[in-house]
Amino acid sequence: MGRLLLSSGQVSVLLSSGIVFLFTLALFLSGYVLQQRTVHSLQAAIKPRLPKPLPAPVAVAPPTLDVKWARPVGGRPEPDENFEQYMREQTLNWNRLGYAQVVKEHVELCSAVMLLGDLHKRKSPAKRILLFPRMWLRKREDDEEDDQQLTTTKRLLRTAVRRFGVQLIPMEPIVDGADDSLPSSYSLASLYSLTDYERVVYLQGPGMLLDASALDSLLAFSKSAPMAAFPATPDRKALSTSLLLIHPSDAEFKRLKAVRASEAMTDLDLFRASFSAPESLISQWSLSMGNVVYESQNLRNAIDGFNASIFEEATTYVRLSDPEIPGPEYDVPYYDRVALRPKNEEAKAAWERLYERFRQRRMEICGLDLEVWTKPMLQAEERENEEL
Ligand SMILES: *[C@@H]1O[C@H](CO)[C@@H](O)[C@H](O)[C@H]1NC(C)=O
């Protein structure tokens, strides 16, 4: 646009020389065409999904439930000054952006495929990637139960590829030579091996995706950094693994492997030891988009005036995590459910809806019923121990 406004000095020079004028015009036109092309390709690149204006406002607040969700006030924060400049420089290639799930054991597979399936259903333009133990590809013929499990696993892997275009990536144990039949031999650090990708988002399952556009924006418009994690607490002192945005690189992968080889530890501890907070946390600004990640148990803290539809509008992903039950994959007896669901009517409705949607999607996508919840206390303990 600016090129049209020539100063009077320039105009007189042009008038005095028709040749110069023609050259200038030709140059201007070719420049203009190029510029339009760039604009068009940029528009085309981000066309599948522009950052949607998110309904819920903001405040730098942590995703807790208070009146903010009942009666949103205030506006969205201003994007930072360099954002437009940055957007122009950025070549947005959705083939280099992806959502990854890491599955370490069979029981986690369905939830991972569901999440990737929901991203597909919501037409996220980013790639979908599933990392799973390479040993699953080896046929085993020992006992019958294993065979049955492996049959389901192979069926789900095929579903992921055929229905949702998921790229399957077999992974090795994080420490060379570790027992490849143990889930604990695998690590989220394997995400760093995905060096074909510029940025990868990992979401901790099981959960329900309510909206993909905020995550697509996060993927598309973030700067590449080795680690940008969802903060464990609102005070931003430590990272969590509920949502990770990473830039895969061989260097980081090697570094993490070395740290992990020196000592057995959980992925959370590995990342906390390897990336400092708050530097390795997702920016306040990105998180101000709404509830990017929310844990279902927090619905119990809902106060009067909580509005389930506003909550659902403003929330991107809900991790279905209530400490008393092993997970949404299990059929919890009615009276146990009643005891732990939120008391607030609206929050209760939201909570019930999330678990019910999970159950339905599980059937639709994996063809699996809920698991029987046989030994509640024992299972809850086992799960806790796993998380330690
Ligand atoms: C929740 O908010 C929506 C939209 O603002 C409104 O239509 C609905 O009546 C509210 N529900 C309750 C129970 O207040």
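The values are calculated or read from the model by the stated rules, or taken from the named source; none is laboratory data. Just so we're clear, the structure is a prediction, and the values are computed from it rather than from any experiment. Cβ: placed from backbone, ideal geometry, glycine included. Neighbour counts: every protein chain shown. Note: areas computed on protein heavy atoms with side chains; ligands, DNA, RNA excluded. Shrake-Rupley method; radii C 1.70, N 1.55, O 1.52, S 1.80 Å.
Tell me the per residue accessible area of region 236-284 using a 1.4 Å probe; a whole number in Å² is fine. Before the final figure, lay out the partial values.
Working: 2290 Å² over 49 residues.
Accessible area per residue, region 236-284: 47 Å².
Indicate the gyration tensor shape class of region 109-211 (rounded, prolate or oblate), computed on the Cα atoms with a ≥ b ≥ c the square roots of the eigenvalues: a/c under 1.5 is rounded; otherwise a/b larger than b/c is prolate and the rest oblate.
Values: a/c = 2.08, a/b = 1.32, b/c = 1.57.
Because a/c hits 1.5 or more and a/b fails to exceed b/c, region 109-211 counts as oblate.
Which number do you get for Rg(Cα) / (2.2 N^0.38 Å) in region 220-269? Please list the in-between numbers first.
Numbers: Rg = 12.4 Å, N = 50, 2.2 N^0.38 = 9.7 Å.
Rounded to two decimals, the normalised Rg is 1.27.
Treating the beta-carbon of each Lys and Arg as +1 and of each Asp and Glu as -1, no other charges, what is the dipole magnitude of region 321-373 about its Cα centre, to the nearest 20 debye? Mind showing how you got there, number by number?
Details: 9 positive and 12 negative charges, 37 e Å.
That gives region 321-373 a dipole magnitude of about 180 debye.
Would you mind pulling out the separation of the Cα centroids of region 299-372 and region 154-230, in Å?
24 Å
Under a Cβ-only charge scheme (Lys and Arg +1, Asp and Glu -1), can you give me the dipole magnitude of region 270-324 about the Cα centre, in debye to the nearest 20? Please list the in-between numbers first.
Values: 3 positive and 7 negative charges, 43 e Å.
Rounded to the nearest 20 debye, it is 200 debye.
If R₀ is 35 angstrom, what is the calculated FRET efficiency for the pair residue 263 and residue 324, using the beta carbon separation as r and rounding to 0.05?
0.65
May I ask what percent, to the nearest 5, of DSSP beta bridges between residues of region 167-300 are antiparallel? All intermediate terms of the calculation are to be shown ahead of the outcome.
Values: 8 of 9 bridges.
Within region 167-300, antiparallel bridges account for around 90 percent of the total.
Find how much the distance from residue 343 to residue 359 grows on full extension, using 0.36 nm per residue of separation minus their present alpha carbon separation; answer in nm with one decimal. If you can, show how the numbers build up before the last one.
Values: separation 16, 0.36 × 16 = 5.76 nm, distance 2.17 nm.
Here the answer is 3.6 nm.
Which percent of the Cα-Cα distances in region 251-322 go past 14 Å? Please list the in-between numbers first.
On the way: 1841 of 2556 pairs.
Here the long-distance tail beyond 14 Å is 72 percent of all Cα pairs in region 251-322.
In nanometres, what is the gap between the two model label sites at residue 304 and residue 276, each 7 Å from Cα along Cα-to-Cβ?
Going from the residue 304 label point to the residue 276 one covers 4.7 nm.
From largest accessible area down, sort 365, 169, 303; use a 1.4 Å probe on the protein chains. Intermediate results must be reported in sequence, preceding the final value.
Details: 365 5, 169 40, 303 70 Å².
So the residues, ranked largest to smallest area, are 303, 169, 365.
Over 32 Å between Cα atoms: which of 223/348; 127/154; 121/237; 154/348; 257/348 fall into that group?
Working: 223/348 38 Å; 127/154 21 Å; 121/237 35 Å; 154/348 36 Å; 257/348 43 Å.
In this structure, 223/348; 121/237; 154/348; 257/348 lie more than 32 Å apart at Cα.
Can you give the FRET efficiency to the nearest 0.05 for residue 370 and residue 163, using r as the Cβ-Cβ distance and R₀ = 22 Å?
Values: r = 21 Å, r/R0 = 0.97.
Working from the Cβ atoms, E equals 0.55.
Output needed for region 152-305: three equivalent-ellipsoid semi-axes, defined as square roots of 5 times the C-alpha gyration tensor eigenvalues, in descending order, whole Å.
Numbers: eigenvalues 136, 88, 56 Å².
Whole-Å semi-axes of the equivalent ellipsoid: 26, 21, 17.
What accessible surface, in Å², does a 1.4 Å probe find on residue 105, ignoring ligands, DNA and RNA and rounding to the nearest 10?
Per-residue accessible area (residue 105): approximately 50 Å².
With +1 assigned to the C-beta of every Lys and Arg and -1 to the C-beta of every Asp and Glu, and no other charges, what is the dipole magnitude of region 157-311 about the Cα centre in debye, to the nearest 20? Working shown, then result.
Values: 13 positive and 17 negative charges, 44 e Å.
For this selection, approximately 220 debye.
Give the residue from 292, 270, 335 lying farthest towards the positive end of the charge dipole for region 230-375; charges sit on Cβ (+1 for Lys and Arg, -1 for Asp and Glu) and the dipole is referred to the Cα centre.
Highest projection toward the positive end goes to 270.
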